[in-house]
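The values are calculated or read from the model by the stated rules, or taken from the named source; none is laboratory data. Keep in mind the model is a prediction, meaning the values are calculated, not measured. Note that each Cβ is placed from the backbone with ideal geometry, even for glycine, and that neighbours are counted across all protein chains shown. Ligands, DNA and RNA are stripped out before the accessible areas are found, and what is left, the full protein with its side chains, is counted by its heavy atoms. Shrake-Rupley method; radii C 1.70, N 1.55, O 1.52, S 1.80 Å.
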Amino acid sequence: WDGLEWQADFSNVGGAGERIQYPSLSSNGNTIAYGSSLTTGSDPSAEGFVRVFQKVIAIWVQKGIDITLSGTSREIKPFLNRAGDQLLLLSLDASGDGLVCQAHIVQWNASDATWSTSDPIRFGSTSQFASCKGKLSGDATTVIVGNAEASSGDYSNAGSVYVLRRSGSQWVNILEYSGTVENERLGVRLAISEDGNTFAYSRLGFVEIVSH
């Protein structure tokens, strides 16, 4: 937007042979991330990766090297914070017998121009990646994740939601919600405020809003 009309930016990121999915743009518009996997000349079981690009003047330049997660499925869904220096990554832990929803927090280290990745936050078994949900607050202090296929007691697909907040270098689980009936699919839709103090999740036809 130049003040009068929208101007198309025809810049391209990515490369030939990439299966690009799940683009995420920082709210300041200067950083973009996407999940990808190679579709040609590679092992079809190869793990996915995330690439981050930052706009420098009028050119999009890759920020650091590719971000990979050992033992995950090929799909990784990134969510950038406001400043574009932290990400929430959703993926499936495929290292065991089944699939487990998991999240990682990735932070940019300006001193040595590298990405550092947190330990995985696992939140329940699933049969498909689409059931693993998550959002990162704009200030990168709070994360909300959900698994719509999680069981609760005798109820299958009841769903679950977890809220985690940064405490120093650790992420601490501060709130947890579980579905209370069969097929409730709690948390199939999630939202979180810029400061992480208010969040919302879907629950059987309505939205529950929580302020913390």
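List the strands (runs of 3 or more DSSP E) that sit entirely inside segment 60-178 and contain at least 1 residues that are of a type in the set (Ser, Thr, Tyr), touching a residue at least 12 places away in the same chain (Cβ under 8 Å) and under 24 Å from ARG19 (Cβ atoms).
Counting at least 1 such residues, we get 86-93, 114-117, 121-126.
THR180 passes all but one of (1) of a type in the set (S, T, N, Q); (2) in contact with a Ser or Thr (Cβ under 8 Å, 6 or more places away or on another chain); (3) loosely packed, with under 13 Cβ neighbours inside 10 Å; which number fails?
Just one mismatch for THR180, condition (3).
Does segment 108-122 contain any residue that is within 14 Å of SER24 (Cβ to Cβ), open to solvent by less than 50 Å² (accessible area, probe 1.4 Å) and not acidic (Asp, Glu)?
Checked segment 108-122: no residue is within 14 Å of SER24 (Cβ to Cβ), open to solvent by less than 50 Å² (accessible area, probe 1.4 Å) and not acidic (Asp, Glu).
If a residue has to be open to solvent by less than 40 Å² (accessible area, probe 1.4 Å), of a type in the set (Gly, Ala, Ser) and in contact with a strand residue (DSSP E or B) (Cβ under 8 Å, 6 or more places away or on another chain) to count, how many in segment 123-148 make the cut?
Number of matching residues: 7.
In segment 162-172, is there at least one residue being open to solvent by less than 50 Å² (accessible area, probe 1.4 Å) and β-branched (Val, Ile, Thr)?
Within segment 162-172, one or more residues are open to solvent by less than 50 Å² (accessible area, probe 1.4 Å) and β-branched (Val, Ile, Thr).
Return the residue satisfying two criteria in turn: it lies in segment 73-90 and is touching a Pro at 6+ places or on another chain (Cβ under 9 Å) and open to solvent by less than 50 Å² (accessible area, probe 1.4 Å), and of such residues it is farthest from SER131 (Cα to Cα).
Among those residues, the one meeting the criterion is LEU87.
Look through segment 48-72, keep the residues that are under 23 Å from LEU136 (Cα atoms) and open to solvent by 40 Å² or more (accessible area, probe 1.4 Å), and return whichever of them is modelled with the lowest pLDDT.
The qualifying residue modelled with the lowest pLDDT is SER70.
Considering only segment 184-212, state which residues are at pLDDT below 90, farther than 20 Å from PHE79 by Cβ and loosely packed, with under 13 Cβ neighbours inside 10 Å.
Those that are at pLDDT below 90, farther than 20 Å from PHE79 by Cβ and loosely packed, with under 13 Cβ neighbours inside 10 Å: GLY205, PHE206.
Looking at segment 64-95, which of its residues are touching a Phe, Trp or Tyr at 6+ places or on another chain (Cβ under 7 Å) and at positive phi?
GLY64
Which condition does ASP154 not pass, out of (1) over 25 Å from ASP97 (Cβ atoms); (2) surrounded by fewer than 18 Cβ atoms within 10 Å (Cβ to Cβ); (3) not polar (S, T, N, Q), if it passes all the others?
Going through (1) over 25 Å from ASP97 (Cβ atoms); (2) surrounded by fewer than 18 Cβ atoms within 10 Å (Cβ to Cβ); (3) not polar (S, T, N, Q) one by one, ASP154 breaks only (1).
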